[in-house]
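Here the structure is laid out as structure tokens; the discussion comes afterwards.
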């Protein structure tokens, strides 16, 4: 952390850090007291965009880029509305309506997550006449145990009987990209956030990720020279498994990239343009790419 703080001090001298602090922690006068926390949140990318803090790299170099690495703690909702395992289904349904939320974690007396009840758990209920219908062929396919489970889900009045017990949780320090992957892989809409003791401290939903996109602060970037732009573009494109770089070339003049060569698909052509547009200092991208012919030498 000492090396990182030294880099931050150099950045502040260059006039970069005061703008970061003005956004994250208040006016530049807060710099001394917040340097450590800022060092934990801002990642200095190396010229190859590996995403790692390069110890010893001079932040005054034109290739240095500061990027805000958002974590679960930056977007989570806290405190969280919860219920105990002895709550009734009716109480939970009323809570979801009153609070305008779609799910509520179930916690024990130590505030540790033991389950979660969502709108999906209340879809098939006897009270609304939406319980799953039983038939001989369904019994043949699923077995008596599954039918008994469905009956409990649709008729029990206790939360502990209908809640989803296999709940994935994450720590406050978890990067948002890992949260997004978890939501996608588990096909869930929210992730409870717990501390080291396993106690619930927040919750991150899909909506919170959308809020992070809307409120994202543009990266503070230092424009590169034309030669550096071309070098960065070619390095980035060569790292992509989908790119056919042997058919691709780029020229740069006054910050404008001209793309030349061939692309086998519209999707790859679009992706190449996106790579070019993301390079710091690029002011325009001129696409001259052609469809890949049957034979290219």
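The values are calculated or read from the model by the stated rules, or taken from the named source; none is laboratory data. Keep in mind that this is a model prediction, so the values were computed, not measured. Counting neighbours? That spans all protein chains shown, and the Cβs are built from the backbone with ideal geometry, glycine included.
Take residues that are under 21 Å from the mean Cα position of the chain (by Cα) and free of Cβ contacts under 8 Å to residues at least 12 places away in the same chain and tell me which of the helices (runs of 4 or more DSSP H) falling wholly in region 148-257 contain 2 or more.
176-186, 206-215
Restricting the search to region 114-133, which residues are farther than 26 Å from residue 168 by Cα and either out of contact with any helix residue (DSSP H, G or I) (no Cβ under 6 Å at 6 or more places or on another chain) or at pLDDT below 65 (or both)?
127, 128, 129, 130, 133
Filter region 75-90 down to the residues that are in contact with a helix residue (DSSP H, G or I) (Cβ under 9 Å, 6 or more places away or on another chain) and not in a loop (DSSP other than H, G, I, E, B), then identify the one that is nearest to residue 209 (Cα to Cα).
75
Given the conditions (1) within 28 Å of residue 130 (Cα to Cα); (2) out of contact with any strand residue (DSSP E or B) (no Cβ under 7 Å at 6 or more places or on another chain), which single one is not true for residue 180?
(1)
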